[in-house]
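Worksheet for the structure shown next.
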Amino acid sequence: MPAPKKPDEPLRIAVVADSPGAASEIARALRHLGHTVCSTSLGTRSARARVQAMCPEVVLLRTSPRAFDLASAFARAAPESGAALVVLTPGGSPQATELARRVGALMHLVEPVPAQALLAAAQVAVARAGDLRDLRAELTRRREAVSSRPAVERAKAILMERLGLSEEDAYRRLQLESRNRNRRLSETARHVIRADAVLRARQRAQRSEKPSAPWNPRLPGG
């Protein structure tokens, strides 16, 4: 996970505008403030490829009403690259606000905007994008914990039965195995369940009084 940017750290900024002149002017002002900037026009075929090649931390999308449809289509490049998106429009019409909302902009600015204010907005957008990534990661972890709970509980029961462990020690054993093998807890739990199923099948197939081999949840190639 990327570390949060400090306010004085240079940003990688992609400036995309509905006219080459506007893109160049914005890019020039941001470069003067010490940031790495690439600029391109919405109308060029290579615009999206240039943005993706840069891997920017923020995309500044400047568009007038006549190019709203084109800007909306282009804005899909920002989420794909993981960049924060800032929309800049020459007017604060409801249509402009709706465009910013629809494309997932973290900031919407109305011109004229001084370069320092534009930079401040970009820095805030990058920070917000980081917060959103953290929230999504936490949500993913929580969903995984809920979905994997039955498997973890089953694996604990197997370890308690097979190895005579307490519930707490069985859980610690699962955690240790997960860390040692760089696996998710749910993957380790399913591994234990599969190993137990294989052993039970072997025991049923033996149909003999020979003692079975000591149980080991590590399968070949596991």
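Derivation of every value follows stated rules applied to the coordinates shown; laboratory data play no part. Values in this document were obtained by computation on a predicted structure and should not be read as measured data. All Cβ positions, glycine included, derive from the backbone under ideal geometry; neighbour counts span all protein chains shown.
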* trypsin sites (Lys or Arg not before Pro) within region 34-77, DSSP loop, no more than 16 other Cβ atoms inside 10 Å -> ARG45, ARG76
* Structure fact -> Least to most buried among ARG28, ARG136, by other C-beta atoms within 10 Å and fewest first, runs ARG136, ARG28
* Under-5 Å amide H pairs with LEU109, H placed in peptide plane, nonlocal only -> VAL87, LEU88, THR89
* **Isotropically averaged projected area of region 146-206, using the convex hull of Cα atoms (one quarter of hull area), nm²** => 4.3
* Nearest 10 degrees, 0 to 90: what angle lies between the long axis of helix 167-180 and the longest principal axis of the chain (Cα atoms)? -> 60
* Asked: What does the convex hull of the Cα atoms come to per residue for region 12-113, in Å³?
  -> 83
* **Computed helical MRE - 222 nm, the chain, DSSP H runs ≥ 4 contributing -39500 (n - 2.57), nearest 500** => -19000 deg cm²/dmol
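For the residues SER39, SER147, what sequence is obtained by ranking on other C-beta atoms within 10 Å, fewest first? Before the final figure, lay out the partial values.
Details: SER39 23, SER147 10.
Fewest to most other Cβ atoms nearby, the residues stand as SER147, SER39.
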* **Label-to-label distance, nm, for residues given as ASP131 and ARG181 (7 Å Cα→Cβ offset)** => 4.0
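In µm²/s, what is D for region 1-71 at 10 °C and 1.306 mPa s, where D = kT/(6 pi eta Rh) by Stokes-Einstein and Rh is the Kirkwood radius from Cα pairs? Provide the component values of the computation, followed by the final result.
Details: Rh = 12.7 Å.
Result for D is 126 µm²/s.
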* Would you work out which of PRO112, ALA195, LEU42 lies farthest towards the positive end of the dipole of the chain, given +1 charges on the beta-carbon of Lys and Arg and -1 on that of Asp and Glu, about the Cα centre? => ALA195
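Taking only the Cα atoms of the chain, how large is their convex hull per residue, in Å³? Please report the intermediate quantities before stating the final value.
Details: hull volume 39.0 nm³, N = 222.
Each residue corresponds to 176 Å³ of Cα convex hull volume.
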* Structure fact -> Projecting the Cα atoms of VAL146, ASN180, PHE68 onto the charge dipole of the chain, where Lys and Arg contribute +1 and Asp and Glu -1 at Cβ, the residue farthest towards the positive end is ASN180
